[in-house]
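The values are calculated or read from the model by the stated rules, or taken from the named source; none is laboratory data. Since the structure is predicted, the reported quantities are computational estimates derived from the model, not experimental observations. All Cβ positions, glycine included, derive from the backbone under ideal geometry; neighbour counts span all protein chains shown.
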Amino acid sequence: MKYLELIVVLLIITVCRTAYAESYIVDTPVLNVRSCAGTNCKIIGKLLEGKTVEVIQDNGEWVEIKTENGSGYVIKKALADDASILSVIGVFILIILGLWFLFFMYFLPSRVAADNKNANKIYHVNLFLGWIPIIWLILLLAALIGESKED
């Protein structure tokens, strides 16, 4: 049960990474997809204007994109930023997760000391002074080596 929160966080981060993949919209009538980064490379496909593409790697003037058959390269200046609602939701979810993670880490000494004789004292010091790194570390150590209530 202790690790359930960690598993949930890792699962949400994995989902958010796929939802927040860097995507662009084709901003030219027809865009050639090439086998390598350069105009002298073989054309392996074409994309029509308005198509959304997912960028795998940014190589400066050229970007590698995900295609149905694997990957290919397109010139970056023919793409426009995709400001879709999924991107906004992805950023919002990442901010919420970041704040939740900070909150979880801040109160980690209190969580570890839940079955400790001094749990109440550790909680109060953690609540008011846990923002000071050395005090947070001392509280975490006290929670880890403190006597349990059963002793």
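A few comments on the model shown:
- Residues within segment 114-131 that are in contact with a helix residue (DSSP H, G or I) (Cβ under 9 Å, 6 or more places away or on another chain) and not in a helix (DSSP H, G or I), tallied: 4
- Qualifying residues in segment 39-56 (those that are of a type in the set (S, T, N, Q) and modelled with pLDDT of 90 or more) - the one surrounded by the fewest Cβ atoms within 10 Å (Cβ to Cβ): N40
- Taken as a whole, the condition of being free of Cβ contacts under 8 Å to residues at least 24 places away in the same chain and within 28 Å of the chain's Cα centre (by Cα) does not apply to I75.
- Restricting attention to segment 130-140, the residues being free of Cβ contacts under 8 Å to residues at least 24 places away in the same chain and buried (at least 16 other Cβ atoms within 10 Å of the Cβ) number 0.
- Top-ranked residue in segment 141-151 [being farther than 25 Å from I7 by Cβ and buried (at least 16 other Cβ atoms within 10 Å of the Cβ); ranked as modelled with the highest pLDDT]: A142
- Considering only residues in segment 70-129 that are surrounded by fewer than 13 Cβ atoms within 10 Å (Cβ to Cβ) and among the charged types (D, E, K, R), the one that is farthest from C41 (Cα to Cα) turns out to be D115.
- Sole exception among (1) in contact (Cβ under 8 Å) with a residue 40 or more places away in the chain; (2) touching a Lys or Arg at 6+ places or on another chain (Cβ under 8 Å) for D115, by number: (1)
- Considering residues of segment 1-38 that are modelled with pLDDT under 65 and outside any helix (DSSP H, G or I) only, the residue surrounded by the most Cβ atoms within 10 Å (Cβ to Cβ): Y20
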